[in-house]
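Inspection log for the structure reproduced underneath, given as structure tokens.
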Amino acid sequence: MLKNAGLSIFFLLIVSCFILISGGYRHTAWAEKAAGEFNIKQEGIKKDNIFNLFFGGAPLMPTENGILIIDAFLDENGNQQWDAGEPALEKALVCTLDDIEYPVPAFIPGLKNGDNYFLKCSGEDYHPTIEKKNVFIKKRGEIIKIEVPCQLPVSRTALKTAPEK
């Protein structure tokens, strides 16, 4: 009799530990209703487990953060758009984001969701027409591409258009 009571207590202990580790019973009817009402996808939700309790959650994957891609081009006709035949400018500009300088073209991964970043571009041989820009990462995995139109300095355009003798 005592042996059966010990086994049943042991069995109840094992079952309660399993329920505790797996997160227990959760009523999710309101969550399902909200997901349907607001068109929310339930994929990617991670449940708590024993490893998260001791070691913390895993960091976000690079694809879950925002990515910024910066290109520069010589805007020959001054319309602020990259038209066919306008050359790309490689390593002619430097853009600063979070006090880190990136030569353009630049690929900047790992931008946190919901954060606002201040982008500033400058160059010696070319002048960007967009010198300062705010970049806001509003959703997970967002990819933002910025094309920076540039002009030649006035002194170089005067030399380029001067008639030859």
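For (1) surrounded by 10 or more Cβ atoms within 10 Å (Cβ to Cβ); (2) at pLDDT 85 or above; (3) acidic (Asp, Glu), each residue gets a yes or a no:
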| position | (1), (2), (3) |
| --- | --- |
| Glu37 | no, no, yes |
| Lys46 | no, no, no |
| Phe55 | no, no, no |
| Ile67 | yes, yes, no |
| Phe73 | yes, yes, no |
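Identify the residue in segment 105-122 that is surrounded by 13 or more Cβ atoms within 10 Å (Cβ to Cβ) and at pLDDT below 90 and, among all such residues, is nearest to Leu74 (Cα to Cα). Here the residue is Leu111.
For segment 75-93, a tally of residues being aliphatic (A, V, I, L, M) and buried (at least 17 other Cβ atoms within 10 Å of the Cβ) returns 3. Any residue in segment 107-122 that is in a loop (DSSP other than H, G, I, E, B) and either of a type in the set (A, V, I, L, M) or closer than 11 Å to Ile70 by Cα (or both)? No, segment 107-122 contains no residue that is in a loop (DSSP other than H, G, I, E, B) and either of a type in the set (A, V, I, L, M) or closer than 11 Å to Ile70 by Cα (or both).
The values are calculated or read from the model by the stated rules, or taken from the named source; none is laboratory data. Just so you know, these numbers come straight off a predicted model, no measurement behind them. Cβ coordinates were reconstructed from backbone atoms using ideal geometry, including for glycine residues, and neighbour counts include every protein chain displayed.
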